[in-house]
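The block underneath contains the structure these notes are about, expressed in structure tokens.
The values are calculated or read from the model by the stated rules, or taken from the named source; none is laboratory data. Bear in mind the structure is a predicted one, so any value in this text is a computation, not a measurement. Backbone-built Cβ (ideal geometry, glycine too); neighbour counts: all protein chains shown.
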Amino acid sequence: MRYTGLRSFQAVAQAGGFTAAAEQLGVSQPTLTAQIGALEAEFDVRLFHRRNRRVELTPAGRDLLAITTRMFAEEREALEFLQQSRELRRGVLRVGAVGPYHVTEMLAAFGRRYPGVELSVALGNSTRALQDLRDYRTDVAVLAHIDEDPGLLAVPYRRHPVVVFTRTDHPFAARDAIALADLQGERMIVREKGSTTRRAFEEAIGAAGVAPRIVMEIGSREAIREAVIHGLGIGYVSAAEFVADPVLRAVPIADAQIFTYAHVVILRERADGRVIRAFLDTVGGMLRPE
């Protein structure tokens, strides 16, 4: 009964309501309501605030959700283990990444090696990708930066320089390279806070005492590219992720070592998971000296 109640609690918390959760679980709403009520009554705790048809987690509910999310993620991993053959003909791998460039080549190599494993990828900035990993919403994260953390296992993968890019009618476009000082007062379009490319760039210009004029903050590489094409300012990006266009030009920075990195990151406690280990082994075979 307690397991059923916890499963019902997880479903209601994720669905945001009893009706949607009941449909997902294939039970009636009164049954689901009774299961949650029994769980709350047994432990004398309130897990949800009921407001008409909407429900919100109480503080105790939020704490319990963190536990049940881990519990059911481990249950899912156990079931996947039992379903998979020795050759990993079945399974699921969920990857979070800061951009499509590196993760696409990783998934392509993994898919060729294990065609029966279902793959999914969620794109976002490093902050979001790392939180999804910690919350067990993904199995692997491909991040540009990772702070020292004993709970994480990180494998360095690639390193690329950051370049400025402009319209071809901008004075920078006629040059082979620029210096950081050339960016003083320039109209610049930047990524959102949480972007590691922005973090690396701002550390470099801060150390050089250079202050561009930030005219726009956008949470998408593609949107920044379009803004530059329309003449709203200049941007910067990893050289590996610059998309060529007849009206754009990438310009190296001559006097600063600004790099973006790609790290494959997992939770250390999940390092023995078969699908995760297979992915790390695949990536290990793709590493090359910088």
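Numerical summary
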quantity	calculated
Verdict on LEU153 being within 21 Å of ALA254 (Cβ to Cβ) and either under 20 Å from the mean Cα position of the chain (by Cα) or crowded, with 17+ Cβ neighbours inside 10 Å (or both)	no
Residue list for segment 249-281, restricted to those being of a type in the set (Asp, Glu) and either under 22 Å from the mean Cα position of the chain (by Cα) or crowded, with 19+ Cβ neighbours inside 10 Å (or both)	GLU269, ASP272, ASP281
Among residues of segment 196-249, those that are within 24 Å of ALA174 (Cα to Cα), acidic (Asp, Glu) and in contact (Cβ under 8 Å) with a residue 12 or more places away in the chain, counted	2
Search result, residues across segment 277-289 that are in a loop (DSSP other than H, G, I, E, B) and either touching a Pro at 6+ places or on another chain (Cβ under 9 Å) or closer than 24 Å to GLY151 by Cβ (or both)	LEU287
Meets criteria (free of Cβ contacts under 8 Å to residues at least 24 places away in the same chain, more than 19 Å from ALA244 (Cα to Cα), acidic (Asp, Glu) and outside any loop (DSSP other than H, G, I, E, B)) for ASP147	no
Qualifying positions in segment 226-276 - of a type in the set (Lys, Arg) and part of a strand (DSSP E or B)	ARG249
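To keep it simple, each residue is scored yes or no on (1) within 25 Å of the chain's Cα centre (by Cα); (2) within 24 Å of ALA262 (Cα to Cα); (3) modelled with pLDDT of 95 or more.
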residue: PRO161; (1), (2), (3): yes, yes, no
residue: THR168; (1), (2), (3): no, no, yes
residue: ALA179; (1), (2), (3): no, no, yes
residue: GLN184; (1), (2), (3): no, no, yes
residue: GLY194; (1), (2), (3): yes, yes, no
residue: ALA200; (1), (2), (3): yes, yes, no
residue: GLY219; (1), (2), (3): yes, yes, no
residue: GLY231; (1), (2), (3): no, no, no
residue: ALA239; (1), (2), (3): yes, yes, no
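So that you can scan it fast, the table gives a plain yes or no per residue for (1) outside any helix (DSSP H, G or I); (2) touching a strand residue (DSSP E or B) at 6+ places or on another chain (Cβ under 9 Å); (3) surrounded by 15 or more Cβ atoms within 10 Å (Cβ to Cβ):
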| residue | (1), (2), (3) |
| --- | --- |
| PHE9 | no, yes, yes |
| LEU32 | no, no, yes |
| GLU56 | yes, yes, no |
| GLU75 | no, no, no |
